[in-house]
Amino acid sequence: MDIQTLGVVGCGLMGSGIVEVAARAGFNVIVSEANEDFLQAGLARIDQSLARALKKGKITPEEVDAAKSRITGVVGLESFRDVDLVIEAVSENIDLKRQIFNQLDTITRPEVILASNTSSISIAALAAATHRPEQVVGMHFFNPVPVMALLELVRGILTSDETLATARAVGERMGKTPVVAKDSPGFIVNRLLIPFLLDAIRMYESGLATKEDIDTGVKLGLNHPMGPLTLADFVGLDTTLFVADVLYEEYGDPNFKAPPLLRQMVAAGLLGRKSGRGFYDWRK
């Protein structure tokens, strides 16, 4: 397919990043939110990200203006009738995602590909909410989207070769490096990442070392750009917990069982960078 216009459902942290990289890559983008307040907050986030890129010399003023001119914000999904590919980027709630996919199946043209940015939910389960399972695929971006080069493509049991090839081409045009995973909970990265984060949390919970020393040990000993507790704050402790629970329910492996400290922090609203506090205080 000749993909010119993308639809993005959700303009939160991930959705706004996807919109930005798509617009910078030359795609026309229609981004939808549930209400005007959420939409304006998402568009402001894109403006701020473009301003940071401009300040760092990664983009020119002309490129900023061109990217902004390609972005259209809307409330609801009715404006997606003329898009060529949709990327859903709402919260990790399977019922909400299935409802959106069912609506998109009715609104968009029959040949349009429907992709999900899910980090853990079955692509087959989302495809089952449509009449076009061959055209449903996972396109899992990583946060922050404008910076992270990886794109996980997730092939459902009925995803066609053509759909996968188109998703790959779109990702590459955005400057991403695609890897392909089967439709299995956690895919590649989270299947490896979540036990790593949970072990670090257990280590801190047990008092073996301070959070700073755990993070410094991993950064300098394993040559990682940030330690696991800092990374958990960036991912979001609520997201970490959600994915851990999905993986534990699917596999029954104790490595995926969330430690009590993680549940307590999420219950207390300590979600990491997005809430201002997690393992570290981000309010400053």
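The single condition from (1) touching a Lys or Arg at 6+ places or on another chain (Cβ under 8 Å); (2) at pLDDT 95 or above; (3) not basic (Lys, Arg) that residue 234 fails is (2). Elements of the type helices (runs of 4 or more DSSP H) sitting completely within segment 207-284 and holding at least 3 residues that are within 16 Å of residue 196 (Cβ to Cβ) and among the hydroxyl-bearing types (Ser, Thr, Tyr): these cover 237-251.
Hey, does segment 112-126 have a residue that's in a loop (DSSP other than H, G, I, E, B), closer than 23 Å to residue 249 by Cβ, of a type in the set (Ser, Thr, Tyr) and touching a helix residue (DSSP H, G or I) at 6+ places or on another chain (Cβ under 6 Å)? Yes; the residues of segment 112-126 include at least one that is in a loop (DSSP other than H, G, I, E, B), closer than 23 Å to residue 249 by Cβ, of a type in the set (Ser, Thr, Tyr) and touching a helix residue (DSSP H, G or I) at 6+ places or on another chain (Cβ under 6 Å).
Inspection of segment 53-62 identifies no residue that is closer than 30 Å to residue 245 by Cβ and in contact with a Ser or Thr (Cβ under 9 Å, 6 or more places away or on another chain). For segment 85-119, the tally of residues that are farther than 16 Å from residue 163 by Cβ and in contact with a Phe, Trp or Tyr (Cβ under 7 Å, 6 or more places away or on another chain) stands at 2.
Within segment 138-157, the residues that satisfy the criterion of being in a strand (DSSP E or B) and crowded, with 21+ Cβ neighbours inside 10 Å are 138, 139, 140, 141, 151, 152, 153, 154. Looking across segment 179-193, the residues that are in contact with a Leu (Cβ under 6 Å, 6 or more places away or on another chain) and surrounded by 17 or more Cβ atoms within 10 Å (Cβ to Cβ) come down to 185, 186.
The values are calculated or read from the model by the stated rules, or taken from the named source; none is laboratory data. Since this is a predicted model, take the numbers as computed values, not measurements. Positions of Cβ are backbone-derived with ideal geometry, glycine not excepted, and every protein chain shown enters the neighbour counts.
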